1. Give the residue, chosen from I55, I67, that is assigned to a loop (DSSP other than H, G, I, E, B) and modelled with pLDDT of 95 or more.
2. Residues of region 57-81 being in contact with an Asp or Glu (Cβ under 7 Å, 6 or more places away or on another chain) and surrounded by 14 or more Cβ atoms within 10 Å (Cβ to Cβ), which ones?
3. Please report, ordered by residue number, the helices (runs of 4 or more DSSP H) entirely within region 74-159 with at least 1 residues that are farther than 14 Å from G54 by Cα.
4. Could you list, ordered by first residue, the pairs with Cβ atoms under 8 Å in which the first is in region 51-67 and under 20 Å from D118 (Cα atoms) and assigned by TED's automatic domain parsing to the domain that holds E146 and the second is basic (K, R) and surrounded by 15 or more Cβ atoms within 10 Å (Cβ to Cβ), at least 6 apart or interchain?
5. Considering only region 93-152, state which residues are charged (D, E, K, R), buried (at least 17 other Cβ atoms within 10 Å of the Cβ) and closer than 27 Å to D68 by Cβ.
Amino acid sequence: MKSLNYLSVIAILGLLVACGKSDTTGTETAAEEETPAVSMVADYPMDNPMEYKGIGPITELTLPDVIDEEMAQHGKLVYDSLCTACHKADQELLGPSPQGIFDRRNPEWVMNLILNPDEMLDKDPLAKELLEKYNGTRMTNQDVSEEDARAILEYFRTL
């Protein structure tokens, strides 16, 4: 019986603490939640998103002038097997078309979105804009290897 009373007291205290936070207008909570995202992307150049590399393992990527056709073919196979439920090469579907992606984003950002979609969609300002544009449809984390992500990127260069 004592343990039941003890659990009841803990539950009531938990509710009181939770209710105490919701007493505010929500502005403090929203600001607290946004602060980490802003600090994670402090280097986000608001005036030129093409300079922004996103959040993830890829910090520098230089693409060669010539497309690696073999890599691009492999990338198309990976893209066709993992991505076409939501993305079409030449039209918007549940997500944006990759056609012309390098006119909108830099290669590091694209790679980081492929490799790290959960954190990107939660914290990256550009990815969050896309999430809103596509009605909250989140990109599925396909656990793509860095090699396969690079191949997908090479395929995107052919579109």
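1. On the way: I55 fails: modelled with pLDDT of 95 or more.
The unique qualifying residue is I67.
2. Across region 57-81, the qualifying residues are I58, L61, D68, M71, A72, G75, V78.
3. Numbers: elements: 101-104, 107-115, 117-123, 125-133, 146-158.
Because the criterion is at least 1 residues that are farther than 14 Å from G54 by Cα, the helices (runs of 4 or more DSSP H) in region 74-159 that meet it are 101-104, 125-133, 146-158.
4. Every condition considered, the pairs that remain are I55/K123; T59/K53.
5. Listed by number, the residues that qualify are R105, E108, D148, R150.
The values are calculated or read from the model by the stated rules, or taken from the named source; none is laboratory data. Keep in mind that what you see is a predicted model, and the values were worked out from it rather than measured. Reconstructed Cβ throughout: ideal geometry from the backbone, glycine too, with neighbour counts over all protein chains shown.
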